[in-house]
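The values are calculated or read from the model by the stated rules, or taken from the named source; none is laboratory data. This is a predicted model, so every value here is computed, not measured. A quick note on method: Cβ atoms are made from the backbone with ideal geometry, for glycine too, and the neighbour counts reach across all protein chains shown.
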């Protein structure tokens, strides 16, 4: 198991390109289960969750050929339909194989999914959608078993207590492409990842209309064929890098920035005082270049996580880290996963003043954060602790960083390329894994940190 050892106090400076979206890539990788022809995907990030999905697809009879950030997936043995617990337990998005397999193979057995422990995320809406399409659903030994001769189109409501379900929408939409007749999904998730999946499915011969809106209609077809697709940029990675730049009062250009998909974040960053500008207005709004700089003092803000296009729950923890050093009181309300606050006690260990009351946290800004040993408990919470460590005085050790590897491609190397000082170390031996970052002296917030103090191992 690895840790991150972070020496705070350096400003990020330079240029980075945002990777392809993990949350888009995983449902896209499941789409080839709907056809026997090869599907080629470009821009797939080399992440732990992607590797888990590759293993799962191989178990489900698919051949996966990978070259860099491109892959070709082709279903070859369509008699295999069991997604076993050993793989599914590591990745919640494995549930998105349910709809494609049921529609194409008529039967699927999939273990109840795992993933981050950020609160209750039941799969009832997925199962309700499959039953509405005519599937017979049973539970046996912790597995979901679904069967159907051929799915039938229907009108399906997918709204839940905390908003629409993204993976549920992906599952039902994928399954309905091969269903007989007309399907309407009401209260569908509007996330860009759903529109991206629909774009691939339509390229494969599906007839999907309205993806990206609360009402999606699908005209079922007899079969789908192969296609080629480029995954959209990862809006959560882009947002994380933007916040990391801001908290260090850096100066960074981010390429492939999904501007249109992050308006809720850029609105809050600009209110805080962060300057984020598009540098080329001729570029597509989904893949533009932005220039990010930040002031010496941050203003407090209020924000509430909401389904897209509201503020994304996957950026709540990261922005909270920034607000820890704002001048005044900020209020953060979590409406998607009310228990998604496991980063709060860890940030408090670094000197943050945080008061939680149910689904709301009051953030009382402090002049600085202090480096400390902290533990990551989920993917986005780990990113917030790394962001806090970049700005903290002294050394921060973030343990259990396998969480961050699920959603970010060697985040420490990306941040080090901008001037951060992060080492990946073996948690048991303390040995540095890979090359150590170069040791430089950069002022942060007007304070000059000597090289010897900034990095005791220098």
inquiry  = Looking for something in contact with a helix residue (DSSP H, G or I) (Cβ under 8 Å, 6 or more places away or on another chain), surrounded by 24 or more Cβ atoms within 10 Å (Cβ to Cβ) and touching a residue at least 60 places away in the same chain (Cβ under 8 Å) - is there at least one such residue anywhere in the stretch 325-345?
reply    = no
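If you take the residues of the stretch 80-91 that are assigned to a loop (DSSP other than H, G, I, E, B) and more than 22 Å from the chain's Cα centre (by Cα), which of them is farthest from residue 36 (Cα to Cα)?
First, pick out the residues of the stretch 80-91 that are assigned to a loop (DSSP other than H, G, I, E, B): 80-81, 84, 89-91.
Checking which are more than 22 Å from the chain's Cα centre (by Cα) leaves us with 80-81, 84.
Numbers: 80: 13, 81: 14, 84: 22 Å.
Step by step, filter the stretch 80-91, then rank; the result is 84.
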key: Some residue of the stretch 92-100 being more than 30 Å from residue 253 (Cβ to Cβ) and part of a strand (DSSP E or B)   = no
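Kindly indicate whether residue 164 is under 21 Å from residue 192 (Cβ atoms) and either at pLDDT 90 or above or outside the structural domain of residue 53 (by TED's automatic domain parsing) (or both). Quick ask: steps written out before the conclusion?
Working: under 21 Å from residue 192 (Cβ atoms): yes; either at pLDDT 90 or above or outside the structural domain of residue 53 (by TED's automatic domain parsing) (or both): no.
Against the criterion (under 21 Å from residue 192 (Cβ atoms) and either at pLDDT 90 or above or outside the structural domain of residue 53 (by TED's automatic domain parsing) (or both)), residue 164 does not qualify.
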ask   = Looking at the stretch 201-220, which of its residues are in contact (Cβ under 8 Å) with a residue 24 or more places away in the chain, surrounded by 17 or more Cβ atoms within 10 Å (Cβ to Cβ) and under 15 Å from residue 172 (Cα atoms)?
value = 201, 206, 208, 211, 216, 217, 218, 220
inquiry  = Can you list the strands (runs of 3 or more DSSP E) lying wholly within the stretch 206-287 that have 3 or more residues being modelled with pLDDT of 95 or more and within 25 Å of residue 17 (Cα to Cα)?
reply    = 227-230, 251-257, 275-278
inquiry  = Step by step: first the residues of the stretch 13-31, then only those that are in contact with a helix residue (DSSP H, G or I) (Cβ under 7 Å, 6 or more places away or on another chain) and under 30 Å from residue 393 (Cα atoms), then the one that is surrounded by the most Cβ atoms within 10 Å (Cβ to Cβ). Which residue is that?
reply    = 18
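For (1) surrounded by fewer than 16 Cβ atoms within 10 Å (Cβ to Cβ); (2) within 21 Å of residue 177 (Cβ to Cβ); (3) touching a helix residue (DSSP H, G or I) at 6+ places or on another chain (Cβ under 7 Å), each residue gets a yes or a no:
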residue	(1), (2), (3)
7	no, no, yes
11	no, no, no
46	yes, no, no
50	no, no, yes
67	yes, no, no
76	yes, yes, no
83	no, yes, yes
query = Looking at the stretch 162-178, which of its residues are assigned to a helix (DSSP H, G or I) and closer than 12 Å to residue 152 by Cα?
reply = 172, 175, 176
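Of the residues 246, 179, only one is buried (at least 22 other Cβ atoms within 10 Å of the Cβ) and not assigned by TED's automatic domain parsing to the domain that holds residue 12; which? Step through it out loud before you land on a result.
Details: 246 fails: not assigned by TED's automatic domain parsing to the domain that holds residue 12.
Result: 179 is the single residue among 246, 179 that is buried (at least 22 other Cβ atoms within 10 Å of the Cβ) and not assigned by TED's automatic domain parsing to the domain that holds residue 12.
Against the condition in the same structural domain as residue 126 (by TED's automatic domain parsing), touching a helix residue (DSSP H, G or I) at 6+ places or on another chain (Cβ under 7 Å) and more than 19 Å from residue 13 (Cα to Cα), how does residue 210 come out, does it pass?
Working: in the same structural domain as residue 126 (by TED's automatic domain parsing): yes; touching a helix residue (DSSP H, G or I) at 6+ places or on another chain (Cβ under 7 Å): no; more than 19 Å from residue 13 (Cα to Cα): yes.
Judged against the criteria, residue 210 is not a match.
Would you pick out the residues in the stretch 387-417 that are part of a helix (DSSP H, G or I) and under 15 Å from residue 325 (Cβ atoms)?
In the first step, residues of the stretch 387-417 are kept if they are part of a helix (DSSP H, G or I); the result is 387-391, 402-405, 411-416.
Within the stretch 387-417, 387, 388, 389, 390, 391 qualify.
Filter the stretch 288-298 down to residues that are touching a strand residue (DSSP E or B) at 6+ places or on another chain (Cβ under 9 Å) and assigned to a loop (DSSP other than H, G, I, E, B) and give me whichever is surrounded by the fewest Cβ atoms within 10 Å (Cβ to Cβ).
Filtering the stretch 288-298 down to residues touching a strand residue (DSSP E or B) at 6+ places or on another chain (Cβ under 9 Å) leaves 288-295.
Now drop any that are not assigned to a loop (DSSP other than H, G, I, E, B), which leaves 294-295.
Numbers: 294: 25, 295: 12.
Only one residue fits best here, namely 295.
Residue 265: in the same structural domain as residue 360 (by TED's automatic domain parsing), in contact with a helix residue (DSSP H, G or I) (Cβ under 8 Å, 6 or more places away or on another chain) and closer than 22 Å to residue 321 by Cβ, yes or no?
On the way: in the same structural domain as residue 360 (by TED's automatic domain parsing): yes; in contact with a helix residue (DSSP H, G or I) (Cβ under 8 Å, 6 or more places away or on another chain): yes; closer than 22 Å to residue 321 by Cβ: yes.
It is true that residue 265 is in the same structural domain as residue 360 (by TED's automatic domain parsing), in contact with a helix residue (DSSP H, G or I) (Cβ under 8 Å, 6 or more places away or on another chain) and closer than 22 Å to residue 321 by Cβ.
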ask   = For residue 189, are the conditions met, namely being under 21 Å from the mean Cα position of the chain (by Cα) and either surrounded by 19 or more Cβ atoms within 10 Å (Cβ to Cβ) or at pLDDT below 95 (or both)?
value = yes
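Please pick out the residue among 357, 448 that is at pLDDT below 95 and loosely packed, with under 14 Cβ neighbours inside 10 Å.
Numbers: 357 fails: at pLDDT below 95.
Answer to the check: 448.
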task = Search the stretch 368-383 for residues being more than 13 Å from residue 344 (Cβ to Cβ) and out of contact with any helix residue (DSSP H, G or I) (no Cβ under 6 Å at 6 or more places or on another chain), and hand back the single one that is surrounded by the fewest Cβ atoms within 10 Å (Cβ to Cβ).
result = 373
task = For the stretch 32-79, please list each of the strands (runs of 3 or more DSSP E) lying entirely inside it that holds at least 3 residues being touching a strand residue (DSSP E or B) at 6+ places or on another chain (Cβ under 8 Å) and free of Cβ contacts under 8 Å to residues at least 60 places away in the same chain.
result = 62-67, 70-75
